[in-house]
Amino acid sequence: MTTPPEEAGNKIVPSFSWDDIDTVLLDMDGTLLDRHFDDYFWEQYVPEHYSLLHDISVQEARKELLARYRSVENTLDWTDLDYWSRELGLDIPELKLRINHLIGVHPYVVEFLEYCLRQRKRLYLVTNAHARTLSIKLEKTSIGPWFDRIVCAGEVGLAKEEPAFWQRLEQMLLYDPKRTMLADDTEKVLDSARSYGMGFLIFVARPSSRKRVRYSTRYPSIDFFKELIPRHGPRM
């Protein structure tokens, strides 16, 4: 994807030393995995099935569902497949499995994970995704073995948008926040991590392969993870 010049000019380029980082926390959807799957699933595929169930147009179904999504955005309910199965009268996990061929890993993700392991960084996948969604995506992508541990927000009891999430996560994983990097495609998550005291924050500006790149005005941004792999030594 070609980035418009005006967008490229607004990019805050990451600048840090890997010597100052012990732990790397990585989001899943939109960060490691292409969010096109999720966008298509919730904005097109689910409305199509919901419209058939209620004998309404797809446009009406989409409008209703988008409003219902927004009402629980940034909460654990938003990613809870059991919640949506009950609310919508649809088997959401089964629908996800039907189109799991759309699940894909972003370019250069594996190379970045390999680099972190070579540098002996502690590597954790930290996601708001429901455990059943996580299972579907790990089976499809095989990225699970790269991580020291995988943590779902449901296990913590809060969504990542809540600053208290990071305090609980620290108690679980025993990391030093000042020597920890977090990469995520959601600014609200980075905001909560910053208020908690996270040392290094990276915004993933290309969460979906089908949408335009959008850089953060407050956080260092990357298009691809190769931008975090030094070419000549450990200093960025």
Odd one out for His101, checked against (1) part of a helix (DSSP H, G or I); (2) within 30 Å of Asp176 (Cα to Cα): (2)
For Gly154: the one exception among (1) within 17 Å of Gly30 (Cα to Cα); (2) surrounded by 15 or more Cβ atoms within 10 Å (Cβ to Cβ); (3) in contact with a Leu (Cβ under 7 Å, 6 or more places away or on another chain); (4) not acidic (Asp, Glu): (1)
Total residues in segment 78-117, condition closer than 21 Å to Val151 by Cβ and surrounded by fewer than 16 Cβ atoms within 10 Å (Cβ to Cβ): 2
Residues located in segment 167-190, provided they are free of Cβ contacts under 8 Å to residues at least 40 places away in the same chain and under 16 Å from Thr31 (Cβ atoms): Glu187, Leu190
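For (1) in contact with a His (Cβ under 7 Å, 6 or more places away or on another chain); (2) modelled with pLDDT of 95 or more; (3) not in a helix (DSSP H, G or I), each residue gets a yes or a no:
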residue	(1), (2), (3)
Asp38	no, yes, no
Gln44	no, yes, no
Pro47	no, yes, no
Tyr50	no, yes, no
Gln59	no, yes, no
Arg68	no, yes, no
Glu73	no, no, yes
Trp78	no, no, no
Ser85	no, yes, no
Failed condition for Tyr196, given (1) closer than 23 Å to Ile229 by Cβ; (2) surrounded by fewer than 21 Cβ atoms within 10 Å (Cβ to Cβ); (3) of a type in the set (Phe, Trp, Tyr): (1)
Residue in segment 163-183 that is of a type in the set (A, V, I, L, M, F, W, C) and under 16 Å from Arg35 (Cα atoms) present: yes
Breaking point among (1) of a type in the set (Val, Ile, Thr); (2) out of contact with any helix residue (DSSP H, G or I) (no Cβ under 6 Å at 6 or more places or on another chain); (3) without any contact (Cβ under 8 Å) to a residue 60 or more places away in the chain, for Thr79: (3)
Residue ID - farthest from Val204 (Cα to Cα), chosen from residues in segment 31-60 that are in contact with a strand residue (DSSP E or B) (Cβ under 9 Å, 6 or more places away or on another chain) and acidic (Asp, Glu): Asp38
Qualifying residue in segment 132-146 (condition: in the same structural domain as Tyr219 (by TED's automatic domain parsing), over 19 Å from Arg35 (Cα atoms) and in contact (Cβ under 8 Å) with a residue 12 or more places away in the chain): yes
Failed condition for Ser57, given (1) surrounded by 14 or more Cβ atoms within 10 Å (Cβ to Cβ); (2) out of contact with any Lys or Arg (no Cβ under 6 Å at 6 or more places or on another chain); (3) of a type outside the set (Asp, Glu): (1)
Residue in segment 161-180 that is surrounded by fewer than 18 Cβ atoms within 10 Å (Cβ to Cβ), small (Gly, Ala, Ser) and either in contact with a Gly (Cβ under 6 Å, 6 or more places away or on another chain) or on the phi > 0 side of the Ramachandran plot (or both) present: no
Test: residue in segment 118-130 that is touching a helix residue (DSSP H, G or I) at 6+ places or on another chain (Cβ under 9 Å), outside the structural domain of Ala67 (by TED's automatic domain parsing), more than 18 Å from Asp29 (Cα to Cα) and surrounded by fewer than 17 Cβ atoms within 10 Å (Cβ to Cβ): yes
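The values are calculated or read from the model by the stated rules, or taken from the named source; none is laboratory data. Source: prediction; values computed, not measured. Ideal geometry is used to build each Cβ from the backbone, glycine not excepted, and the neighbour counts take in all protein chains shown.
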